[in-house]
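S.K.: Okay, here's the structure, questions in a sec.
Every number here is computed from the coordinates shown, using simple stated rules; none is lab data. Bear in mind the structure is a predicted one, so any value in this text is a computation, not a measurement. Cβ atoms come from the backbone with ideal geometry, glycine included; neighbour counts cover every protein chain shown.
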Amino acid sequence: MAKLLLATGNQAKLKELRSLLRDLPYELVTLPEVGISIKVDESGNSLEENARLKATIFADKSQLLTLADDSGLEVDALGGQPGVLSARYAGKNASDSERIDYLLSRLKDVPWEKRSALFRCVIAIATPDGQVEFSSGACRGIITLKPRGEQGFGYDPVFYLPRLGKTMAELPLEVKNQLSHRGKAARKAYRVLERLKEREDI
Ligand code: IMP
């Protein structure tokens, strides 16, 4: 079976992507499984640029069809921040809980009705010869006053979904995948990958 490299070192993302893409006619492989340990500097100015960078560099290194995701949280009251800087928002080596604390401190005077936010995800699929296709997805929510829930990762404990009355960290993986930015982007990527499967040169 043809291989698809899931080019992320984030174990939580990997788990979500594995579940979302499990029925595809590809063997899903990870960076350590193909012996790649380099890190790609996410130096782009947009999620698209970073997703492209990661996908093309790892596709070139592995000579495999490669999928990379770049995602971020855009908070309306912060003019769309942290956006592409979501992973480094509280400094390069900060933990998820330090990033959440920093975000909540920036929003401490912002009332509930102005705490709207958007999770965005861009998936890039690159062929070993450098062609790239993008899929994207977004999910709207509200930043809570304090964290709630143990599942998921990143900003999930403070991302509240009014429709469900729960934060993303209170949802089982399958439910998060049904409505999340990554779930939406991955379902579009699924169709791209099915189409690419028809090509004989990949
Ligand atoms: P990157 O895509 O690896 O650059 O990281 C994006 C950052 O955005 C992560 O470190 C998380 O803090 C945050 N993020 C992206 N997707 C999610 C998600 O599904 N839940 C919670 N936080 C997320």
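S.K.: May I ask for the angle, rounded to the nearest 10°, between helix 96-106 and the longest principal axis of the chain, with both axes built from Cα atoms and the value confined to 0 to 90°?
M.R.: The helix 96-106 is inclined about 40 degrees to the chain.
S.K.: Which aspartates and glutamates have a Cα lying under 18 Å from the Cα of Lys92, excluding residues fewer than 8 positions away in the same chain?
M.R.: Within the straight-line cut-off, Lys92 pairs with Asp41, Glu42, Asp70, Asp101.
S.K.: Going 7 Å from the Cα of Lys188 in the Cα-to-Cβ direction, what parts of the stretch 116-139 have a backbone nitrogen less than 18 Å from that spot?
M.R.: 118-127, 132-139, by backbone N distance to the label point.
S.K.: Per the Kirkwood definition applied to all pairs of different Cα atoms, how many angstroms is the hydrodynamic radius of the stretch 3-201?
M.R.: 17.2
S.K.: Can you list residues whose amide H is under 5 Å from Gly80's amide H, if they're 5+ apart or on another chain and H is modeled 1.01 Å from N?
M.R.: For Gly80, whose amide H was placed from the backbone, the distant partners under 5 Å are Val75.
S.K.: Follow-up. How high is the relative contact order of the chain? Use alpha-carbon pairs under 8 Å, at least six apart in sequence, and give a whole percent.
M.R.: Relative contact order comes out at 20 percent.
S.K.: Next question. Can you work out the Karplus-derived ³J(HN,Hα) for every residue in the stretch 111-119? Use 6.51 cos²θ - 1.76 cosθ + 1.60 with θ = phi - 60°, whole Hz, and x for glycine or proline.
M.R.: Using θ = phi - 60°, the values come out as x, 3, 6, 10, 9, 6, 8, 9, 8 Hz.
S.K.: Same structure again: For the pair Arg18/Met1, report the inter-label distance in nm, with labels modelled 7 Å from Cα in the Cβ direction.
M.R.: So the label points at Arg18 and Met1 sit 1.3 nm apart.
S.K.: Same structure again: Helix 181-197 against the longest principal axis of the chain: what's the angle in degrees, Cα atoms only, rounded to the nearest 10?
M.R.: That works out to roughly 10 degrees.
S.K.: May I ask you to work out the translational diffusion coefficient for the stretch 1-58 at 4 °C, viscosity 1.567 mPa s, via Stokes-Einstein with Rh from the Kirkwood sum over Cα pairs, reported in whole µm²/s?
M.R.: Translational diffusion coefficient: 105 µm²/s.
S.K.: With charges set only on the Cβ (+1 for Lys and Arg, -1 for Asp and Glu), what does the dipole of the chain come to about its Cα centre, in debye to the nearest 20?
M.R.: 540
S.K.: Using θ = phi - 60° and the Karplus relation 6.51 cos²θ - 1.76 cosθ + 1.60, list the HN-Hα couplings for the stretch 127-142 in order, rounded to whole Hz, with x at every Gly or Pro.
M.R.: 8, x, 8, x, 7, 10, 10, 10, 9, 9, x, 9, 8, 8, x, 10
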